[in-house]
1. Of all the stretches in the chain, which is the longest one without any exposed loop site, taking chymotrypsin sites (Phe, Trp or Tyr not before Pro) in a DSSP loop (any state but H, G, I, E, B) with at most 14 other Cβ atoms within 10 Å?
2. For segment 30-81, with all protein chains present and a 1.4 Å probe, just round the carbon and sulfur fraction of the accessible area to a whole percent.
3. So what's the net charge close to SER48: Lys and Arg +1, Asp and Glu -1, counting the other residues with Cβ under 13 Å from its Cβ?
4. Stokes-Einstein D for segment 14-87 at 25 °C, 0.890 mPa s, Kirkwood Rh over Cα pairs, in µm²/s?
5. For the chain, what does the helix formula give at 222 nm: sum of -39500 (n - 2.57) over DSSP H segments with n ≥ 4, over the residue count, nearest 500 deg cm²/dmol?
6. Can you tell me the orientation of helix 58-67 relative to the chain, as the angle in degrees between its alpha-carbon axis and the longest Cα principal axis, to the nearest 10?
7. What does the net charge come to around GLU21 if you take all other residues with beta carbon closer than 14 Å to its beta carbon, with K and R at +1 and D and E at -1?
8. Magnitude of the Cβ-charge dipole of the chain, K/R +1 and D/E -1, about the Cα centre, nearest 20 debye?
Amino acid sequence: VAAETSSTARPDIFRTDEQGESLQVGRLTDFRQRRDNARVEAALSALSQVATSTTNIMPTVIAALQEGATLGEVSDVFRQHFGEFQP
């Protein structure tokens with residue numbers, strides 16, 4: 001028997017505490033300072049060129065991540081070309 005769901009029921013929203021957020025922001029800042037930003041930018045530029053082609057994008061995505069691009073930066077490239085999903 002399937003559980004009844006109410007159309008007004010809302011899932012709990014996960015909220016991080018300020019200390020956890022501050023810790024993660026610090027880790028990301030440190031990571032970005034240690035990587036070779038010129039190589040990251042070159043890899044993201046290559047991804048941007050491949051994004052709208054018929055070429056398989058996965059090798060270029062992997063290369064960008066291996067150079068130190070963040071998932072957010074890779075996603076930004078896709079948002080620039082394809083926009084953001086709107087339900």
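The values are calculated or read from the model by the stated rules, or taken from the named source; none is laboratory data. Quick caveat, the model's predicted, so the values are computed rather than measured. All Cβ positions, glycine included, derive from the backbone under ideal geometry; neighbour counts span all protein chains shown. All accessible areas refer to the heavy atoms of the entire protein, side chains included, with ligands and DNA or RNA removed. Shrake-Rupley method; radii C 1.70, N 1.55, O 1.52, S 1.80 Å.
1. Between exposed loop sites, the widest span is 15-84.
2. Details: 1730 of 3320 Å².
That fraction is 52 percent.
3. Details: positive: ARG79; negative: GLU41, GLU73, ASP76.
Spelling it out: positives minus negatives among the neighbours equals -2.
4. Details: Rh = 13.7 Å.
Translational D for this selection: 179 µm²/s.
5. Numbers: 4 runs with 54 residues, N = 87.
When only DSSP H runs of four or more count, the value is -20000 deg cm²/dmol.
6. So the inclination is approximately 80 degrees.
7. On the way: positive: ARG15, ARG27; negative: ASP17, GLU18.
Net of charged neighbours comes to 0.
8. On the way: 8 positive and 12 negative charges, 45 e Å.
The dipole magnitude comes to about 220 debye.
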